[in-house]
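Beneath this line is the structure, given in structure tokens, with notes to follow.
What follows draws every value from the coordinates through simple rules; no lab data is involved. Everything numeric here is computed off the predicted structure, so don't read it as measured data. FYI the Cβ positions are ideal-geometry reconstructions off the backbone, even for glycines, and counts take in every protein chain you see.
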Amino acid sequence: MKLKKRKEQVSKNNRSIVLVTGGAGFIGSHIVDLLIQNNYEVVIVDDLSSGREENINQKARFYKLNITDQKALIEVFKQERPDYVCHEAAQISVSFSVRDPLFDAQTNILGSLNLLQCCLLNHQVKGVIFASSGGTIYGEPEHFPITENYPFRPQSPYGISKVAVEHYLDFYQKNYHLPYVALRYGNVYGPRQDPYGEAGVIAIFIEKMLKGEIPTINGDGEYIRDYVYVEDVAQANLLALKNMVKLSKVVREVEKTKEKEKGKAETETKTEAENKTTPGPGPEIEIKLNGFNLGTGRGISVNEIFSLLKEIIKFPHPAHYGPPRAGDLRKNVLDCRLIKEVLGWQPQFDFSAGLEETVRWFKENIH
Ligand SMILES: NC(=O)c1ccc[n+]([C@@H]2O[C@H](COP(=O)([O-])OP(=O)(O)OC[C@H]3O[C@@H](n4cnc5c(N)ncnc54)[C@H](O)[C@@H]3O)[C@@H](O)[C@H]2O)c1
């Protein structure tokens, strides 16, 4: 009954359907809002483990379920037949992943695999956008900003799970022609971020400072991150979705060309070996067109955040300094030229504008 109703609805509206996992969460809910503004039909799958009901856009259809629940997820796919999937649902705490790698893998790896299997169900899904993590997959490189061809060196089970899913996505693309884009987010901030977790320094500081409490800066406050505003992240998801089909054709062409070149190189190497000549130059560094860093290319320290917030909020006190947090990487700044070149994305919010928007939202919403 319901399926028939959906088909009629689609043919009447002729709109693409996007399934957003984690659509009740911080980033997912902004993606949902933007998709709805852009006339997509949106289906949310979220177990509300950290997401909130008040984040759920009333125009979306909502299924409260865990992405690891195979049967229930299959039913949603059969029912809704999504055209695209934005995969945001995850266990998001790095330190929790260290304490409980098994739980992290169950949600972040097995849940993602479950989702990918569902995408193959009716051969209708045109592409998957995956929330990867530019802050954890590269480890602590020697050079900044970090480009996409820097090797994966995750230092935590959370980072490992993001890398694993990127590899699985590659596998599904190559073997089942399921297109994908992995967006490797920097440190995302903005309205609706949870101020009570252990990550999300901006939300934590704003919430405390608005209450007149003094926040604690861990270590010397010179820990540098690439902060990107949540609405810019939602825009990147929209652009990736709009360009998915075009991009997957380019990726396939590149792969075909590579295959041909590999074949040619093998024949040439054979001939060279037979003729005993010296080999040519080594392989070129590979840039994948499915994985994009998503940040600003600008590093900001915790000290800078505090002093900017101090100004915006007119906070009279200096910060407290506490011991450094074990395992915190010193620096992460992402090179974001590739996504600008390929998808035409660049951040629209500079850092202070984003901070002001965030403070305004917290003033209105946190009591
Ligand atoms: N916030 C950041 O700075 C950042 C940086 C890099 C990557 N990411 C990634 O972006 C995505 C969104 O993160 P966020 O900051 O919005 O976090 P969030 O916790 O606000 O959102 C995650 C959402 O997923 C839901 N969820 C969790 N486990 C689930 C499960 N098993 N089944 C169904 N739903 C489940 C939660 O209820 C929540 O609504 C995550 O994949 C995260 O790893 C976030």
Inset, instruction - Note down the magnitude of the dipole of segment 151-221 about its Cα centre, charges +1 on Lys and Arg C-beta and -1 on Asp and Glu C-beta and zero elsewhere, to the nearest 20 debye. - result: 200
Legend entry - Rg [Å, one decimal], Dmax [Å, integer] - the chain, C-alpha atoms: 22.0, 79
Inset, instruction - Return the long-range amide H neighbours of Ile129 (sequence gap of 5 or more, or a different chain), with a cut-off of under 5 Å between placed amide H atoms. - result: Val85, Cys86, His87, Val181
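Quick one, can you get me the convex hull of the C-alpha atoms of segment 112-200 expressed as volume per residue in Å³? Mind dumping the intermediate values first?
On the way: hull volume 11.8 nm³, N = 89.
Convex hull volume per residue, Cα atoms: 133 Å³.
Only four residue types carry charge here, +1 at the Cβ of Lys and Arg and -1 at the Cβ of Asp and Glu. Report the dipole size of segment 289-367 about the Cα centre in Debye, rounded to the nearest 20. Don't skip to the answer; put the middle values down first.
Values: 10 positive and 9 negative charges, 39 e Å.
My answer is approximately 180 debye.
May I ask which of Lys126/Lys256; Lys162/Lys264; Lys249/Lys340; Lys59/Lys340; Lys78/Lys288; Lys242/Lys331 have a Cα-Cα span longer than 23 Å here?
Working: Lys126/Lys256 20 Å; Lys162/Lys264 34 Å; Lys249/Lys340 19 Å; Lys59/Lys340 31 Å; Lys78/Lys288 32 Å; Lys242/Lys331 33 Å.
In this structure, Lys162/Lys264; Lys59/Lys340; Lys78/Lys288; Lys242/Lys331 exceed 23 Å between Cα atoms.
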Legend entry - Among Ala265, Ala236, Ala60, residue whose mean-square fluctuation peaks in a GNM of the chain (springs only between Cα atoms under 10 Å): Ala265
Inset, instruction - Can you give me the three principal axis dimensions of segment 11-88 from its C-alpha atoms, in Å, biggest first? - result: 34, 26, 17
Inset, instruction - Mind running the shape call on segment 1-158? Use the C-alpha gyration tensor, a ≥ b ≥ c as the square roots of the eigenvalues: rounded below 1.5 for a/c, prolate if a/b tops b/c, oblate otherwise. - result: prolate
Inset, instruction - Could you give the size of the charge dipole of the chain about its Cα centre, using +1 on the Cβ of each K and R and -1 on the Cβ of each D and E, expressed in debye and rounded to the nearest 20? - result: 1360
Inset, instruction - Name the longest site-free stretch of the chain, where the excluded sites are GluC sites (Glu not before Pro) in a DSSP loop with no more than 16 other beta-carbon atoms within 10 Å. - result: 1-141
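Listing Thr136, Thr68, Thr216 from the residue with the fewest other Cβ atoms within 10 Å to the one with the most, what is the order? Please report the intermediate quantities before stating the final value.
On the way: Thr136 25, Thr68 18, Thr216 13.
Placing the least packed residue first, the sequence is Thr216, Thr68, Thr136.
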